[in-house]
Amino acid sequence: MDRTEGRVGLTLGPMLFNWSADRLHDFYASIAASSVYDRVHVGEVVCEKHMPFNDPVWPDVIAMLEEAGKEVVVSALALPFTVRERKSVTGVCGVEQLVLRSTT
């Protein structure tokens with residue numbers, strides 16, 4: 001996405017609620033249709049147990065947001081504890097086209 005130097009953009013942080021995949025998709029569809037946000041964080045950041053239910057929706061959501069001209073940042077669990085959680089975060093970090101940012 002082309003940014004104008006010195007322009008302040010608005011970012012939507014990751015979803016913190018345990019919503020169904022359909023509700024997530026509908027929510028991000030409304031965000032894609034909105035001209036308010038420049039950057040959108042997607043992904044599970046709260047509980048690894050939600051991931052099997054919502055992970056299938058992320059590729060469509062990311063494509064939809066990017067087609068709408070949004071910069072998409074894939075977020076991961078903030079505190080990966082178990083081996084499975086750490087592998088999940090490692091998997092997200094291994095995707096080349098993603099924007100990687102540390103919050104620490």
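The numbers here are math on the coordinates, done by the rules we state, and not lab data. It should be emphasised that the depicted structure is a prediction, and the values quoted were computed from it without experimental measurement.
Quick notes
- Expressed per residue, the C-alpha convex hull volume of segment 11-93 stands at 83 Å³.
- Evaluating 6.51 cos²θ - 1.76 cosθ + 1.60 at θ = phi - 60° for every residue in segment 31-39, the Karplus couplings come out as 5, 4, 6, 8, 8, 6, 9, 9, 10 Hz, glycine and proline recorded as x.
- Each residue of segment 64-80 is assigned a 3J(HN,Hα), and the resulting list reads 4, 5, 5, 4, 7, x, 8, 7, 10, 10, 7, 9, 10, 4, 6, 10, x Hz, derived from the Karplus form 6.51 cos²θ - 1.76 cosθ + 1.60 (θ = phi - 60°), x at Gly and Pro.
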